[in-house]
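The values are calculated or read from the model by the stated rules, or taken from the named source; none is laboratory data. This is a predicted model, so every value here is computed, not measured. Note that we place each Cβ from the backbone using ideal geometry, even for glycine, and neighbour counts take in every protein chain shown.
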Amino acid sequence: MLLPFIAFGIVPESDEPAPPDGDLGLITLAEAKTHLRVLGDELDADITLKGIAASDIVLDYLKRPADEWTAETAPFKVKAATLLVLGGLFENREGGEPINDAVRSLLHRLRDPALA
């Protein structure tokens with residue numbers, strides 16, 4: 001799984017194990033490519049990297065452990081929010097706010113409240 005990243009000079013710095021082939025955390029590579037309307041395989045490494053990051057961003061926002069859901073068990077609104085974050089990361093490569101109002105609206109009821 002790490003070979004596509006290494007081929008492009010991207011080496012993950014995390015000690016976390018690589019996801020199973022096609023699994024990007026809360027979404028699959030096929031779901032990500034469908035959402036982004038990408039047909040070929042030439043962008044798979046970039047989509048995989050951004051899909052894993054999008055899943056991590058959503059889980060961090062929800063304050064949930066990474067192993068709570070998989071691409072098969074995540075609620076549809078969590079998958080939808082992850083795809084929205086992925087779209088933002090894919091289109092706005094130079095930055096931007098990954099958690100926008102649409103993502104917040106989808107995830108609001110699932111988020112653990114912050115304690116003051």
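Tabulated data for the structure shown
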read-out	value
Selection count, the stretch 74-116, where residues are buried (at least 20 other Cβ atoms within 10 Å of the Cβ) and either more than 18 Å from GLY51 (Cβ to Cβ) or polar (S, T, N, Q) (or both)	1
Every residue from the stretch 61-82 that is aliphatic (A, V, I, L, M) and farther than 9 Å from LEU26 by Cβ	LEU62, ALA66, ALA80
Qualifying position, being surrounded by fewer than 18 Cβ atoms within 10 Å (Cβ to Cβ), among the small types (Gly, Ala, Ser), farther than 17 Å from ASN100 by Cβ and in contact (Cβ under 8 Å) with a residue 24 or more places away in the chain, among ALA71, ALA53, ALA66	ALA66
Condition met for ALA71 (touching a Ser or Thr at 6+ places or on another chain (Cβ under 9 Å) and of a type outside the set (Asp, Glu))	yes
Scope the stretch 63-83; condition among the hydrophobic types (A, V, I, L, M, F, W, C), within 13 Å of the chain's Cα centre (by Cα), under 20 Å from ASP112 (Cβ atoms) and not in a loop (DSSP other than H, G, I, E, B); matching residues	VAL78, ALA80, ALA81
Some residue of the stretch 43-52 being part of a loop (DSSP other than H, G, I, E, B) and at pLDDT 95 or above	yes
Count of residues meeting criterion [farther than 14 Å from ALA32 by Cβ and either of a type in the set (S, T, N, Q) or not in a loop (DSSP other than H, G, I, E, B) (or both)] in the stretch 84-98	1
